[in-house]
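> One structure coming up, written as structure tokens, with questions to follow.
The values are calculated or read from the model by the stated rules, or taken from the named source; none is laboratory data. As the structure is a prediction and not an experimental result, all values here were calculated from the model. Please note: Cβ atoms are built from the backbone with ideal geometry, for glycine as well, and neighbour counts cover all protein chains shown.
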Amino acid sequence: MPRLFPTAIAGSLPKPAWLAETESLWPAWKQEGAALADAKRDATLLWIKHQEDAGLDIIGDGEQSRQHFVHGFLEKVEGIDFERKVRMGIRDNRYDAMVPTVTGPLRLKGRVHATEARLLAAHTRRRTKFTLPGPMTIVDTLADEHYGDRVKMAFAFAEILNQEARALQDDGIDIIQFDEPAFNVYMDQAVAWGIDALHRAIEGLTCTTAVHICYGYGIQANIDWKQGLGAEWRQYEKVFPALAASRIDQVSLECIHSRVPAELMALLAGKDVMVGVIDVASTQAESADEVAATIEAALRYVPPAHFIACTNCGMAPMAAHLAQRKLRALAAGARLVCQSL
Ligand code: ZN
């Protein structure tokens, strides 16, 4: 049956125990050298299969080849000193992290994600999506001793992100998504220059482009932060009108179990909206009925032609069996709604 709207994941999926430590945000690899390259490839193929079997329409690589959603990209960037780690509060001091330092002009050492992107494009016939960290989120995860200006450094990253994004498009990727959790923390800066930096990152792309804005992984620091955000989370309200006017095609947002007022989704009129109908912070899989109810409520604000049922955020730190159950619930819930419509 043709679907009225597709299903997709935000980006990351858990890594198998033979690839890396499980249920960790910064998992240590369990292999090295050629064995690590093989294990990354096998894990990517496995999750392509799991996503297809669950019934998802848009398939990703599950970020199996990167240790962390930002640092996976940074590893291939010249101008960053990884030995020079600085303790820094990131996301407006929500987390304390040891971050590397930018010490010179930024340049790509070569392709970053060619292997996994080509693997993805070659092994599914469904639409493919690939994620990259957004420029504002990258500069919020690094110390700077070279540019002396956050905006200037963000645009330098946007330029090299663009280089990799164009290559991903040539690899056969259909949707390129930039992850910008920082947009939910620095709303004024997101409007002042964050979206412009994204425009630089998507320059020349003819594939579909997307931005993911969330309240973070289901880890304790985020759960605590969200407790203090009040009865209504209105961060999106500042950024969505600017995104609606932007050249980005799709916007990914949190919905289920969040305190985001549903009507804020209407601020994205004209954009494809990836609505989070799977909670990445809960240890229970949603039922298909619960997913269907969340979709039906969101369809009051987003028309089916612009609707994509998605997860709230990445699932990297989750148990793999739970992530699989959640993928199946996502597709089953979407199927229920499509049948009833
Ligand atoms: Zn996220």
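So that you can scan it fast, the table gives a plain yes or no per residue for (1) assigned to a helix (DSSP H, G or I); (2) free of Cβ contacts under 8 Å to residues at least 12 places away in the same chain; (3) of a type in the set (Ser, Thr, Tyr); (4) away from the ligand (no atom under 16 Å from the Cβ):
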site	(1), (2), (3), (4)
LEU161	yes, no, no, yes
PHE183	yes, no, no, no
THR209	no, no, yes, yes
GLY218	no, no, no, no
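> Scan segment 240-256 for residues that are in contact with a strand residue (DSSP E or B) (Cβ under 9 Å, 6 or more places away or on another chain) and either buried (at least 17 other Cβ atoms within 10 Å of the Cβ) or in a strand (DSSP E or B) (or both) and jot them down. Before the answer, list the steps.
Residues of segment 240-256 in contact with a strand residue (DSSP E or B) (Cβ under 9 Å, 6 or more places away or on another chain): 240, 243-244, 246-256.
Once the filter is applied, which keeps residues that are in contact with a strand residue (DSSP E or B) (Cβ under 9 Å, 6 or more places away or on another chain) and either buried (at least 17 other Cβ atoms within 10 Å of the Cβ) or in a strand (DSSP E or B) (or both), segment 240-256 yields PHE240, LEU243, SER246, ILE248, ASP249, GLN250, VAL251, SER252, LEU253, GLU254, CYS255, ILE256.
> Just one of ALA298, ALA281, ALA309 is buried (at least 23 other Cβ atoms within 10 Å of the Cβ) and among the aliphatic types (A, V, I, L, M); which is it?
Of the residues listed, the single one that is buried (at least 23 other Cβ atoms within 10 Å of the Cβ) and among the aliphatic types (A, V, I, L, M) is ALA309.
> Same structure, new question: So in segment 315-331, with the set limited to residues that are within 15 Å of the ligand (Cβ to nearest atom) and within 12 Å of TRP47 (Cβ to Cβ), which one is surrounded by the most Cβ atoms within 10 Å (Cβ to Cβ)?
This residue is ALA316.
> Restricting the first residue to segment 85-103 and requiring it to be closer than 24 Å to GLY228 by Cα, which pairs with a second residue that is modelled with pLDDT of 90 or more and among the polar types (S, T, N, Q) meet a Cβ separation below 8 Å and a spacing of at least six or different chains?
ILE90/THR141; ALA97/THR141
> Report, by residue number, each residue of segment 293-341 that is farther than 23 Å from GLY11 by Cβ and aromatic (Phe, Trp, Tyr).
TYR301 - this is the single residue of segment 293-341 that is farther than 23 Å from GLY11 by Cβ and aromatic (Phe, Trp, Tyr).
> Another question about this same structure. Here is a list: GLY60, GLY134. Which entry is crowded, with 21+ Cβ neighbours inside 10 Å, in contact with a Gly (Cβ under 7 Å, 6 or more places away or on another chain) and at pLDDT 95 or above?
Just a single option satisfies the conditions, and that option is GLY60.
> With respect to VAL275, is the statement that it is closer than 25 Å to ALA334 by Cα, within 16 Å of the ligand (Cβ to nearest atom) and either assigned to a loop (DSSP other than H, G, I, E, B) or at pLDDT 95 or above (or both) true?
So VAL275 passes the test.
> Now for a separate question. Is it true that PHE69 is outside any helix (DSSP H, G or I) and closer than 21 Å to ALA114 by Cβ?
Answer is yes for this residue.
> For PHE82, only one of the following conditions fails: (1) part of a strand (DSSP E or B); (2) surrounded by fewer than 16 Cβ atoms within 10 Å (Cβ to Cβ); (3) within 23 Å of the chain's Cα centre (by Cα). What is its number?
Status for PHE82: all satisfied but (3).
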